[in-house]
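The values are calculated or read from the model by the stated rules, or taken from the named source; none is laboratory data. Please read these numbers as outputs of a predicted model, since none were measured by experiment. Here the Cβ positions follow ideal geometry from the backbone for every residue, glycine too, while neighbour counts run over all protein chains shown.
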Ligand code: DAT
Ligand code: MG
């Protein structure tokens, strides 16, 4: 399996509780390397654009407001089979269904305030990395 990249967000519930280090430690211990990272406050345009795939879902408004509510940390992660590796360590969207040892099991507050985002495919990883980073910000 090749070394690939994925895109991660440490969400507002985590920056609010000052646990970005604890979350990043779990990513690193899962074999992922942070090759780009920045703390930003998402604009409405960014939040709506990033989650456009969910725009017709009933929770869209709540999701956008949440992502703008506190700073987030956007990251590019690199590792063997990075997309799947990251999804595995994240755990299920709903923390009540997340496996033991996953970030969402350990830290998520609810299905909405669920601590991390991770790309769900190689194709989306590329799109999402390009949404927040230029190539010169990624240092592998
Ligand atoms: P994931 O973040 O695991 O890829 P997703 O892509 O289905 O999950 O949804 C994106 C985010 O939207 C999710 O992390 C939290 C929010 N969300 C999803 N389903 C929700 C629901 N039923 N109620 C509230 N928020 C929800
Ligand atoms: Mg998703």
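Checking each residue in the range 81-94 for being part of a loop (DSSP other than H, G, I, E, B) and either away from ligand 2 (no atom under 11 Å from the Cβ) or in contact with a strand residue (DSSP E or B) (Cβ under 8 Å, 6 or more places away or on another chain) (or both) picks out 81, 91, 92, 94.
Taking each residue of the range 52-63 that is touching a residue at least 24 places away in the same chain (Cβ under 8 Å) and looking for partners that are more than 8 Å from ligand 1 (Cβ to nearest atom) and in a helix (DSSP H, G or I) with beta-carbon atoms closer than 8 Å, six or more apart or interchain, yields 63/47.
So is residue 106 loosely packed, with under 15 Cβ neighbours inside 10 Å and in a helix (DSSP H, G or I) or not? So residue 106 fails the test. Checked against (1) more than 15 Å from ligand 2 (Cβ to nearest atom); (2) loosely packed, with under 15 Cβ neighbours inside 10 Å; (3) in contact (Cβ under 8 Å) with a residue 60 or more places away in the chain, residue 131 passes all but condition (1).
Taken over the range 1-25, the criterion of being surrounded by fewer than 18 Cβ atoms within 10 Å (Cβ to Cβ) and out of contact with any strand residue (DSSP E or B) (no Cβ under 9 Å at 6 or more places or on another chain) is satisfied by 16, 17, 18, 21, 22, 25.
Just to be sure, is residue 110 within 14 Å of ligand 2 (Cβ to nearest atom) and touching a residue at least 12 places away in the same chain (Cβ under 8 Å)? Taking the combined requirement at face value, the residue does not satisfy it.
Collect the residues in the range 111-126 that are at negative phi and in a loop (DSSP other than H, G, I, E, B), keeping them in residue-number order. Across the range 111-126, the qualifying residues are 111, 112, 113, 114, 119, 120, 121.
Only one entry in 100, 45, 65, 78 is away from ligand 1 (no atom under 15 Å from the Cβ), assigned to a helix (DSSP H, G or I) and either modelled with pLDDT of 95 or more or surrounded by fewer than 20 Cβ atoms within 10 Å (Cβ to Cβ) (or both), namely 45. Of all residues in the range 116-140, those satisfying the criterion of being out of contact with any strand residue (DSSP E or B) (no Cβ under 7 Å at 6 or more places or on another chain) and more than 9 Å from ligand 1 (Cβ to nearest atom) are 121, 123, 124, 126, 127, 130, 131, 134, 135, 136.
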